[in-house]
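Q: What follows is a single structure, and I will ask about it in a moment.
The values are calculated or read from the model by the stated rules, or taken from the named source; none is laboratory data. Remember, predicted model here, so these are calculated numbers, not experimental data. All Cβ positions, even for glycine, are placed from backbone atoms using ideal geometry, and neighbour counts span all protein chains on display.
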Amino acid sequence: KLSKRLQTIASFISSNSLFADIGSDHAYLPCYVCLSDQTVQAIAGEVKEGPLKRAQETVEYYDLSERIDVRLGNGLQIINENDHVNEVVIAGMGGSLIANIMEEGKNKLSAVHKIIAQPNIHASSVRKTFLANNYSLINEIILMENNHIYEVLVAERDSTVNIYDPAEHLGKQLMFGPLLMQEKSPVFIKKWQDERKKLLHITSNMEKAKNKEETKLHLYKKQLQWMEEVLT
Ligand code: SAM
């Protein structure tokens, strides 16, 4: 059975799409989507040989080789112009790595109207990169599974939707997610209570240090203030 995390991601893949799953590992996601929707095709990309082999095995096991192409390569470089990939998934990595993959592969995104990202940490880097590349955040989901908290971010290109509130600090909205901070679900509250505890611990140690990193400390204090605001 597919994890709740991957099922959530799968729910955003459109019918009739050709999507690329970057860093696919076992290729569970493309196999699940292609088995449940006959109109979808996929490319599973992997940068490492081991995971690539696992992806090939899963695709063969489900007899999906006609509809899922497994490719070895770095990030979005596995996409060719004549593939006409229109949706991209980058999941299960840090937000900075996801942001790097998008930045480095910008030229591969010309036909891609939707990106679904699931950063394990630093979702703000992903939101920032969407914003810088004309992808509008249209949906955000936060969920808990096996005691881990995950965020799934969905963005569409050239949409006129702007969900960032001009009256609210942009840095704050990038950190918490403009939709998630409005919704304030129990999982969201749990996540930021935990993050606040961690950051309080870090800043109190920094206060005690002989050589204070003032710039960093200042930023962390700002973030702590934001956390208190969203948690009340
Ligand atoms: N996407 C799957 C998921 O969410 O369950 C697998 C996540 S797994 C933790 C991350 C995978 O990304 C690893 O298999 C790793 O080899 C791959 N990866 C890391 N950097 C990559 C890159 N630059 N290009 C392609 N794959 C990459």
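Q: Looking at region 11-42 only, could you name the residues that are surrounded by fewer than 22 Cβ atoms within 10 Å (Cβ to Cβ) and hydrophobic (A, V, I, L, M, F, W, C)? Please lay out each step first, then the result.
A: First, the residues of region 11-42 that are surrounded by fewer than 22 Cβ atoms within 10 Å (Cβ to Cβ): 11-12, 14-18, 23, 25-26, 28, 32, 35-41.
Within region 11-42, PHE12, LEU18, LEU35, VAL40 qualify.
Q: Of the residues MET175, MET227, which single one is among the aliphatic types (A, V, I, L, M) and over 22 Å from ALA91 (Cβ atoms)? Explain how you work it out, then say what you get.
A: Working: MET175 fails: over 22 Å from ALA91 (Cβ atoms).
Of MET175, MET227, the one residue that is among the aliphatic types (A, V, I, L, M) and over 22 Å from ALA91 (Cβ atoms) is MET227.
Q: Also, quick follow-up: Which of the residues that make up region 101-112 are over 16 Å from ALA155 (Cβ atoms) and within 12 Å of the ligand (Cβ to nearest atom)? Steps first, answer last, please.
A: Initially, region 101-112 is screened for residues over 16 Å from ALA155 (Cβ atoms), giving 104, 107.
Result: GLU104, single match.
Q: Still on this structure, please answer the following. Quick check on region 33-56: of everything there that is within 15 Å of the ligand (Cβ to nearest atom) and touching a helix residue (DSSP H, G or I) at 6+ places or on another chain (Cβ under 9 Å), which residue is nearest to ARG5 (Cα to Cα)? Can you show your working first?
A: Here is the first cut: in region 33-56, the residues within 15 Å of the ligand (Cβ to nearest atom) are 33, 42-56.
Applying the additional criterion that residues be touching a helix residue (DSSP H, G or I) at 6+ places or on another chain (Cβ under 9 Å) yields 33, 42-47, 55.
Numbers: VAL33: 13, ALA42: 19, ILE43: 20, ALA44: 18, GLY45: 19, GLU46: 19, VAL47: 22, ALA55: 18 Å.
Applying the filter and picking the extreme gives VAL33.
Q: Out of the residues in region 73-82 meeting the condition of being surrounded by fewer than 16 Cβ atoms within 10 Å (Cβ to Cβ) and in contact (Cβ under 8 Å) with a residue 24 or more places away in the chain, tell me which one is nearest to the ligand (Cβ to nearest atom). Reasoning before the result, please.
A: First, the residues of region 73-82 that are surrounded by fewer than 16 Cβ atoms within 10 Å (Cβ to Cβ): 73-74, 80-82.
If we keep only those that are in contact (Cβ under 8 Å) with a residue 24 or more places away in the chain too, we end up with 73-74, 81.
Numbers: GLY73: 7, ASN74: 5, GLU81: 19 Å.
Restricting to residues being surrounded by fewer than 16 Cβ atoms within 10 Å (Cβ to Cβ) and in contact (Cβ under 8 Å) with a residue 24 or more places away in the chain, the top hit is ASN74.
Q: Continuing with the same structure: Inside region 85-99, can you point out the residues that are within 12 Å of the ligand (Cβ to nearest atom) and surrounded by fewer than 22 Cβ atoms within 10 Å (Cβ to Cβ)? I'd like the intermediate steps shown before the answer.
A: Here is the first cut: in region 85-99, the ones within 12 Å of the ligand (Cβ to nearest atom) are 88-94, 96-99.
If the condition is that a residue be within 12 Å of the ligand (Cβ to nearest atom) and surrounded by fewer than 22 Cβ atoms within 10 Å (Cβ to Cβ), then GLY92, MET93, GLY94, SER96, LEU97 are the ones that fit.
Q: Let me ask you something else. Only one of ASP69, ASP63 is away from the ligand (no atom under 12 Å from the Cβ), in the same structural domain as GLY105 (by TED's automatic domain parsing), free of Cβ contacts under 8 Å to residues at least 60 places away in the same chain and in a strand (DSSP E or B). Can you tell me which? It would help to see each step written out before you state the result.
A: Numbers: ASP63 fails: in a strand (DSSP E or B).
Result: ASP69 is the single residue among ASP69, ASP63 that is away from the ligand (no atom under 12 Å from the Cβ), in the same structural domain as GLY105 (by TED's automatic domain parsing), free of Cβ contacts under 8 Å to residues at least 60 places away in the same chain and in a strand (DSSP E or B).
Q: Do the conditions hold for ARG5, that is, is it in contact with a His (Cβ under 7 Å, 6 or more places away or on another chain), within 13 Å of the ligand (Cβ to nearest atom) and not polar (S, T, N, Q)? Outline the logic, then answer.
A: Numbers: in contact with a His (Cβ under 7 Å, 6 or more places away or on another chain): no; within 13 Å of the ligand (Cβ to nearest atom): yes; not polar (S, T, N, Q): yes.
Judged against the criteria, ARG5 is not a match.
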